[in-house]
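*Asks:* Mind having a look at this structure? Questions to follow.
The values are calculated or read from the model by the stated rules, or taken from the named source; none is laboratory data. Please read all numbers here as calculations on a predicted model, not as lab measurements. Here Cβ is always computed from backbone atoms with ideal geometry, including for glycine, and neighbour counts include all displayed protein chains. Areas reflect the complete protein model, heavy atoms only, side chains present, ligands, DNA and RNA absent. Shrake-Rupley method; radii C 1.70, N 1.55, O 1.52, S 1.80 Å.
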Amino acid sequence: VQLQASGGGLVQAGGSLRLSCAASGSTFRRTAIGWYRQAPGKQRELVATISSGGATNLADSVKGRFTISRDNAKNTVYLQMNSLKPEDTAVYSCKATTYNGYNYWGQGTQVTVSS
């Protein structure tokens, strides 16, 4: 499985961005995807997950502002980020967990929120 994350950029506080995680392979429908972020000097944290069946989970810090969704026809998972705050600034990466337990990481995409 190869992952390609995109959609990051510079946005003002209160703005929105949509990140995409595009995956290769024919088993995408059976793959769970997680979005993680890592800010400078901080540990990587889990932001959101979506299971192969579409069940979602969001970190408390982003609930009500972020949503995660998937389009199996496009082999893509999206992270819609609204009401962005400066503390959301980080490198965002996606991870795929296959049905048989293997993990694959994509490269990160930088999100910078200015105050």
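*Asks:* If you count only protein heavy atoms with a 1.4 Å probe, what accessible area per residue comes out for the chain, rounded to a whole Å²?
*Replies:* Working: 6070 Å² over 115 residues.
Value for the chain: 53 Å² per residue.
*Asks:* Here's another thing I want to ask about it. Taking all protein chains together and a probe of 1.4 Å, list L46, L19 from the most accessible to the least accessible.
*Replies:* Working: L46 75, L19 0 Å².
So, going from the largest accessible area down, we get L46, L19.
*Asks:* Using a Gaussian network model on the chain with a 10 Å cutoff between Cα atoms, which of A59, A23, A96 fluctuates the most?
*Replies:* A59
*Asks:* In a Gaussian network model over the chain where Cα atoms closer than 10 Å are linked, find which of Q12, Q38, Q80 has the largest mean-square fluctuation.
*Replies:* In the Gaussian network model the winner is Q12.
*Asks:* Within segment 6-115, which chymotrypsin sites (Phe, Trp or Tyr not before Pro) sit in a loop by DSSP and count at most 15 neighbouring Cβ atoms inside 10 Å?
*Replies:* Working: sites: F28, W35, Y36, F66, Y78, Y92, Y99, Y102, Y104, W105; in loops: Y99, Y102.
Answer by residue number: Y99, Y102.
*Asks:* Straight-line reach from K74: which lysines fall under 24 Å, measuring Cα to Cα and dropping same-chain residues less than 8 apart?
*Replies:* K95
*Asks:* Evaluate the relative contact order of the chain (contact order divided by residue number), counting alpha-carbon pairs under 8 angstrom at least 6 apart; express in whole percent. Could you put the intermediate results ahead of the total?
*Replies:* Details: 290 pairs, mean separation 42.2, N = 115.
Relative contact order of the chain: 37 percent.
*Asks:* With all protein chains present, calculate the accessible area of S61 using a 1.4 Å probe and round the result to the nearest 10 Å².
*Replies:* S61 has an accessible surface of roughly 60 Å² with all protein chains in place.
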